[in-house]
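Okay, so here's the structure we're looking at.
Bear in mind these aren't lab numbers, they're just calculated from the coordinates by the rules spelled out. Quick caveat: nothing in here was measured; it's all calculated off a predicted structure. We place every Cβ from the backbone using ideal geometry, glycine too, and count neighbours over all the protein chains shown.
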Amino acid sequence: MMKTGTKILFILSILMVSLLAFGQIATTQRELNERSNIHNRLNWTKDQANRKFDIQNSEIEKVFAEIQEAIKSKDIGTISKHLKTQTYFVLEDFLKKYRVVSFKFDEINVSTLNPFATGVYNYELKGRRNSVHIYIQIRESSNNWTITQITTN
């Protein structure tokens, strides 16, 4: 038989263990809630980044479509916002000399830091038709996509 003092100590120790366990459970539940909140915020941030990436890719594709149409129609005035002054005059002279018969991008790569497109430029010069491959690279600068490189071969 237990003495009264021992019984009280025994009951107090059971209460202490119960309280500690309950506190631990509450802390664990709080930690789980915090982790869940962090996970939800990370997913939200990831979704936002994916949406921004999709929007940017869509913008890049629109810029290349605009460039393609401008070259096909020999109207670089419509894409002058994407050209530096010297590039504008070089491209203008090129389009005058090598009259476009057809032009289409075969590949548009938007997944790099420096998006690019390649295509075949069919032209006429002095009554003869020929073609060259064109590579155009763009880069975002001050919320505008600028052509940074045009190469033909």
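Couple of notes before you dig in:
- Here the label points at E34 and T118, each 7 Å from Cα along the C-beta direction, are separated by 5.3 nm in the simple model.
- Each residue, T148 and Q56, gets one label point 7 Å from its Cα in the Cβ direction; the gap between the two is 1.2 nm.
- Full-extension gain in nm, F10 to K72, via 0.36 nm per residue minus C-alpha separation: 13.1 nm
- Dmax and Rg, reported as Rg then Dmax, of the range 53-148 (C-alpha, Å): 13.4, 45
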